[in-house]
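Let me begin by presenting the structure, written as structure tokens, before commenting on it.
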Amino acid sequence: MSSHRPIPPAQASRPLVLGSTSRYRRELLARLGLPFDVASPLVDETPLPGEKPADLAMRLALAKAREVARRHPHAVVIGCDQVADLHGEPLGKPGTHERAVTQLQRMRGETVIFQTALAVVCQDSGFEQSDIAAVRVVFRQLDDDEIEHYLRVEQPYDCAGSAKSEGLGIALLERIDNDDPTALVGLPLIRTCRMIRAAGVQVL
């Protein structure tokens, strides 16, 4: 487990742990100015046969939070997962340039729902809450040269649906509809604040 920032004595009674290795989620959680640690969840992310994108995202977010909470039972643990939903089909992280090209070609001109699931668990207190932030994204009618240029610049191969909206990826889009502005990047901070407050973490 890597430490993001030392935990001061006043907050050591209920430490906060981000159960994710995503640098995007680390950067988002750091915006709150809270001390937290980072732990890698040991979870198989393979979709179940016929599993819907929202169900997959929620199952994995809970599994990640619960797995890390078992190893850190005194902590408030945040687990997250994001799945791009194209007409009911889950699109995960492409991993390679070729898969990213295929994903973006399929998404051009389409409305894609990015299902960003969040779970907060504290094993010692028995606390568990979960929620999902659905972000509707309308992609432009992209041509192949635009797709190629974007991928060469951003290399978003670790992003669900190959879309990295916090960078040049915003130029891929016509519209974003959501109620939690950071959800598309991977961690819905409005929901995160609400849940960790309920779990006993003082945010303000």
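General observations
- The listed residue being closer than 24 Å to GLU27 by Cα and open to solvent by less than 40 Å² (accessible area, probe 1.4 Å), out of VAL101, VAL185: VAL185
- Any hit, the stretch 144-157, residues being among the acidic types (Asp, Glu), touching a residue at least 40 places away in the same chain (Cβ under 8 Å) and closer than 25 Å to ALA69 by Cβ: no
- Failed item, numbered, when PRO90 is tested on (1) assigned to a strand (DSSP E or B); (2) surrounded by fewer than 20 Cβ atoms within 10 Å (Cβ to Cβ); (3) of a type outside the set (Gly, Ala, Ser); (4) touching a Ser or Thr at 6+ places or on another chain (Cβ under 9 Å): (4)
- Yes/no for GLN123 being touching a residue at least 24 places away in the same chain (Cβ under 8 Å), closer than 23 Å to MET195 by Cα and open to solvent by 50 Å² or more (accessible area, probe 1.4 Å): yes
- Subset tally (residues that are surrounded by 14 or more Cβ atoms within 10 Å (Cβ to Cβ) and part of a helix (DSSP H, G or I)) for the stretch 156-170: 5
- Filtering ALA160, ALA133 for residues that are in contact with a Lys or Arg (Cβ under 7 Å, 6 or more places away or on another chain) and modelled with pLDDT of 95 or more leaves a single hit, ALA133.
- Filter result for the condition that a residue is outside any loop (DSSP other than H, G, I, E, B), within 24 Å of LEU32 (Cβ to Cβ) and over 15 Å from the mean Cα position of the chain (by Cα), over ARG194, ARG175: ARG194
- Residue-level check: of (1) in contact with a Ser or Thr (Cβ under 9 Å, 6 or more places away or on another chain); (2) open to solvent by 30 Å² or more (accessible area, probe 1.4 Å); (3) over 29 Å from VAL138 (Cβ atoms), ARG66 misses just (1).
- Within the stretch 45-57, the residues that satisfy the criterion of being open to solvent by less than 40 Å² (accessible area, probe 1.4 Å) and assigned to a helix (DSSP H, G or I) are PRO53, ALA54, LEU56, ALA57.
- Residue in the stretch 63-82 that is in contact (Cβ under 8 Å) with a residue 60 or more places away in the chain, over 18 Å from the mean Cα position of the chain (by Cα) and closer than 21 Å to THR46 by Cβ present: no
- Search result, residues across the stretch 37-55 that are touching a strand residue (DSSP E or B) at 6+ places or on another chain (Cβ under 6 Å) and free of Cβ contacts under 8 Å to residues at least 40 places away in the same chain: ASP37, VAL38, ALA39, PRO41
- In the stretch 107-139, residue nearest to the chain's Cα centre (by Cα) [restricted to those that are farther than 30 Å from ARG14 by Cβ and aromatic (Phe, Trp, Tyr)]: PHE114
- For the stretch 163-197, the set of residues classified as small (Gly, Ala, Ser) and either modelled with pLDDT of 95 or more or within 20 Å of PRO53 (Cα to Cα) (or both) consists of ALA163, SER165, ALA183, GLY186, listed by residue number.
The values are calculated or read from the model by the stated rules, or taken from the named source; none is laboratory data. Bear in mind the structure is a predicted one, so any value in this text is a computation, not a measurement. In this analysis, Cβ positions are derived from the backbone assuming ideal geometry, glycine residues included, and neighbour counts consider all displayed protein chains. We work out accessible area using only protein heavy atoms, side chains counted, and drop any ligands, DNA or RNA first. Shrake-Rupley method; radii C 1.70, N 1.55, O 1.52, S 1.80 Å.
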